[in-house]
1. DSSP beta bridges in the chain, what fraction antiparallel, as a percent rounded to 5?
2. How far is helix 119-129 tilted, in degrees, relative to the longest principal axis of the Cα atoms in the chain, given as a value from 0 to 90 rounded to the nearest 10?
3. Sorting Phe99, Phe78 on the 10 Å Cβ count, fewest up front, what's the list?
4. Number of Lys-Lys pairs in segment 9-119 under 17 Å by Cα, sequence gap 8 or more or different chains?
5. I want to verify the translational diffusion coefficient of segment 78-168 in µm²/s; compute it with Stokes-Einstein, Rh as the Kirkwood radius over Cα pairs, at 4 °C and 1.567 mPa s.
6. Return the Rg/Rh value of segment 1-138, two decimal places, where both radii are evaluated on C-alpha atoms and Rh is the Kirkwood radius.
7. How would you order 158-168, 23-33, 100-110 from highest to lowest mean count of nearby Cβ atoms within 10 Å?
8. Using alpha carbon centroids, what distance separates segment 27-43 and segment 54-113, in Å?
Amino acid sequence: MLRIGEGFDVHKLALNRELYLGGVKIDYLKTENGKAVNIGLAGHSDADVLLHAICDALLGALALGDIGKHFPDTSDEFLNIDSKILLKKTYELIKKEKFLINNLDCTVIAEAPKLSEHILKMRAAISEILETDIKNVSIKATTTERLGFTGRKEGIAAKAVVLLKSND
Ligand SMILES: [Zn+2]
């Protein structure tokens, strides 16, 4: 049996945060008063917007609710948590239902930083957690032509679509 799921997430960009995308730490610096300052996504966890969209797609495929239901942002347990752990826990739920990854296709929407050189590393990190071949994990990056909140570099958005197959 096949099941499809989709996920969408947005996080705000903020000063003095590290940027994590697709399980990879990415250097993103801005010069403020002659000093280099880190820019990253704000959130209760490490705010990895791509991994969150993937978690929601996985949960959605089996109608298991959403990431906020399983990992509430009011819980100290998930404060500053590495979102790779959230993805791993989500995948455990999928395996418990006897499903595996068929393939996954994602889009990150960000005006900056340039993501092309990080995509392969993200695909590797995600495919390892989801116990699937890297060729089953597609990640694309796009901008919104400087339009909207992503275009103004106020935040980053991510979309994910996943197809699951039952392993029995
Ligand atoms: Zn999120």
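Values quoted throughout were computed directly from the atomic coordinates according to the rules given, and no laboratory measurement underlies them. Quick caveat, the model's predicted, so the values are computed rather than measured. Note that we place each Cβ from the backbone using ideal geometry, even for glycine, and neighbour counts take in every protein chain shown.
1. Numbers: 31 of 37 bridges.
The antiparallel fraction comes to roughly 85 percent.
2. In the chain, helix 119-129 runs at an angle near 40 degrees to the longest axis.
3. Working: Phe99 22, Phe78 19.
The fewest-first ordering by Cβ neighbours comes to Phe78, Phe99.
4. For segment 9-119, qualifying lysine pairs total 11.
5. Numbers: Rh = 14.5 Å.
The Stokes-Einstein estimate is 89 µm²/s.
6. Working: Rg = 15.4 Å, Rh = 15.6 Å.
Checking Rg against Rh, the ratio lands at 0.99.
7. On the way: 158-168: 18.1, 23-33: 14.1, 100-110: 19.7.
Result, highest mean first: 100-110, 158-168, 23-33.
8. When both Cα centres are located, 27 Å separates them.
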